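J.: Okay, handing you the structure first.
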Amino acid sequence: MKRLVVVGGGNAGTLIANLLADKLEVTVIEPNEYHTYQPGLVDYITGEVDENKIKMPTSSLLKPSVKWVRSKATKIMPENRTIISESGEKFEGDYIVIATGGQNIPVHSLRGYHTIEDAKMIKNEVMNPRGKSFVIGSLPGIIKCPAAPWELSFLIKRKYPDANVSVIVPAKQPPPLQVPMSNMFNKKANELGIKVYKGFVIQEVNYNERYAVSTEGEKIAFDHLIIDTPISTGFSELADKSGLIPVDKSTLAYKDGVFVIGDANSTPTPKTGAAAHFQAEVVANNILAEIEGNRSKESYDGTAICAVYSGPNEGMLVWLNYEKSKALGPTSIYRYMKKAFTRLYWASLSGGVDFILKPLVESIRKS
Ligand SMILES: Cc1cc2nc3c(=O)[nH]c(=O)nc-3n(C[C@H](O)[C@H](O)[C@H](O)COP(=O)(O)OP(=O)(O)OC[C@H]3O[C@@H](n4cnc5c(N)ncnc54)[C@H](O)[C@@H]3O)c2cc1C
């Protein structure tokens, strides 16, 4: 049997391990005992769901034939498809999949909200606010899920309708693929009295006097500052200048037999679980095509689809690939879809919701 070593057992790594579980000898190297459903962190921060709804034991999500090594990879040697773990153990594969996601780069003592630990600190503030002024946004660079700061602002407005909520966006204009989504967010923010600061790049945060200053000298006062920071791979020796790992954007190959999927790669697509999911499926298919020769190879075209909150009581459905994007809604149905995915996510990690996802993607693509 061919050997596959997957580094990172998050969204992308768990799915590819499960898809190939009975066809290859699969090892997953992942240090965390619990897997977090990161899109649910916005619900967690605002008290919409409890912690136990957004985390599951890693062991319960991997198929029985997958070998889970509870450790951290410290060295990846793509040239001989070898991984070294923290304990010095060596893992060699016929195939290597790097699915280590992106790690927040702390800036101005800001550290984002990608883990339950970081989100818990923000949740404590949101549930026991010292004041009514919330400033939410991100720093420049590649962030996870560009919709998340907007979602947080709408959920905070849902919780505290009289709060003074502002969103800061570092870019003056969104990237072309994010325009439909951004237009819908801005329209709703305007209706709700959420002030949007475009092109606001935080240069300094004064935590004692509670204000942030932009590179252009603009000042915003806050009671609560919730800012996501850019991500980079923990394996800087493999990264390009974006801080993430370069791959062929269609095959997701770093080199022969070595693939990078999910947030860890520098494909020009927003960093979403949806993209991670479809990337895992393409690579799994192509590994099987090589081994079994009974199917054709596929190309990843940048597809992602996400239901996100687009107001206190509504959601939108965002679809995109490398070329085009659409934002459908807003409707209460898409809000319900976002909520429902908190439960469906766990099944998606073994391909269990593809019977819904794939036809949905196809119908939106053709519409
Ligand atoms: C607040 C928030 C809201 C979001 N909302 C959405 C949304 O609405 N829709 C959507 O599609 N996406 C959303 N996302 C993004 C989505 O969660 C990520 O894109 C997705 O989790 C990426 O999957 P991944 O497998 O690449 O990385 P991750 O799921 O982050 O997994 C990476 C794994 O690698 C492991 N790892 C890291 N370093 C090592 C190492 N050295 N050795 C071994 N293992 C390692 C980590 O422990 C982790 O388990 C959101 C993210 C956040 C934070």
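The values are calculated or read from the model by the stated rules, or taken from the named source; none is laboratory data. For clarity, every value in this text was computed on a predicted model and none was experimentally measured. Quick reminder, even Gly has a Cβ in these numbers, built from the backbone with ideal geometry, and neighbours come from all protein chains shown. Keep in mind that these areas ignore ligands, DNA and RNA; they rest on the heavy atoms of the full protein, side chains included. Shrake-Rupley method; radii C 1.70, N 1.55, O 1.52, S 1.80 Å.
J.: Rounded to the nearest 10 Å², what accessible area does D248 show when all protein chains are kept and the probe is 1.4 Å?
T.: We get 80 Å² for D248.
J.: How high is the relative contact order of the stretch 1-149? Use alpha-carbon pairs under 8 Å, at least six apart in sequence, and give a whole percent.
T.: On the way: 233 pairs, mean separation 40.5, N = 149.
Value for the stretch 1-149: 27 percent.
J.: Right, another one. Taking the chain as a Gaussian network, where each spring joins two C-alpha atoms under 10 Å apart, which residue of L61, L357, L24 fluctuates the most?
T.: Among L61, L357, L24, the largest mean-square fluctuation in the Gaussian network model of the chain belongs to L357.
J.: Distance between the C-alpha centers of the stretch 40-87 and the stretch 340-367? Whole Å please.
T.: Between the Cα centres of the stretch 40-87 and the stretch 340-367 lies a distance of 21 Å.
J.: Next up: Just to confirm, what accessible area per residue do you get for the chain at 1.4 Å probe, in whole Å²?
T.: Accessible surface, normalised per residue, equals 44 Å².
J.: For a Förster distance of 25 Å, can you work out the FRET efficiency between the beta-carbons of T215 and E117, rounded to the nearest 0.05? List each step's numbers first, then the result.
T.: Details: r = 30 Å, r/R0 = 1.20.
It comes to 0.25.
J.: What aspartates and glutamates could a cross-link reach from K55, if we take a straight Cα to Cα line under 17 Å and drop same-chain neighbours fewer than 8 places away?
T.: Output for K55: E30, E33, D43, E117, D118.
J.: Label-point separation (nm) for T331 and S87, each offset 7 Å from Cα along Cα-to-Cβ?
T.: With each label point 7 Å from Cα toward Cβ, the separation is 5.1 nm.
J.: Okay, next question. Straight-line reach only, C-alpha to C-alpha below 17 angstrom: list the aspartates and glutamates that K324 could link to, leaving out same-chain residues fewer than 8 apart.
T.: Correct list for K324: D301, E362.
J.: Among residues other than N32 whose Cβ falls under 10 Å from its Cβ, what is the net charge (Lys/Arg +1, Asp/Glu -1)?
T.: Values: positive: K55, R70, K72; negative: E30, E33.
Around N32, the surrounding residues sum to +1.
J.: Restricting to DSSP loop positions (anything but H, G, I, E, B) with no more than 15 other Cβ atoms inside 10 Å of their own Cβ, which GluC sites (Glu not before Pro) remain in the stretch 259-330? Provide the component values of the computation, followed by the final result.
T.: Details: sites: E281, E290, E292, E298, E314, E323; in loops: E298, E314, E323.
Hits after loop and neighbour filter: E323.
J.: So if I take the centroid of the Cα atoms in the stretch 1-33 and the same for the stretch 146-167, what is the distance between those two points in Å?
T.: 37 Å
J.: Please go through the residue pairs K63/K271; K63/K144; K159/K241; K53/K157 and name each one whose alpha carbons sit more than 32 Å apart in this structure. Don't skip to the end; give the middle numbers.
T.: Details: K63/K271 26 Å; K63/K144 27 Å; K159/K241 40 Å; K53/K157 23 Å.
Violating the 32 Å Cα-Cα cut-off are K159/K241.
J.: Once the convex hull of the C-alpha atoms of the chain is built, how many Å³ does it hold per residue, rounded to a whole number? Each step should come with its number before you reach the end.
T.: On the way: hull volume 48.7 nm³, N = 367.
It is 133 Å³ per residue.
J.: Using 0.36 nm per residue, how much length does the chain from E125 to K366 gain when fully extended, once their Cα-Cα distance is taken away?
T.: On the way: separation 241, 0.36 × 241 = 86.76 nm, distance 4.39 nm.
Taking 0.36 nm per residue and subtracting the Cα distance, the gain is 82.4 nm.
J.: Roughly how many percent of the accessible protein surface of the chain is carbon and sulfur, given a 1.4 Å probe and a whole-percent answer? Can you show the working numbers first?
T.: Numbers: 8070 of 16000 Å².
In the chain, the share of accessible area belonging to carbon and sulfur is 50 percent.
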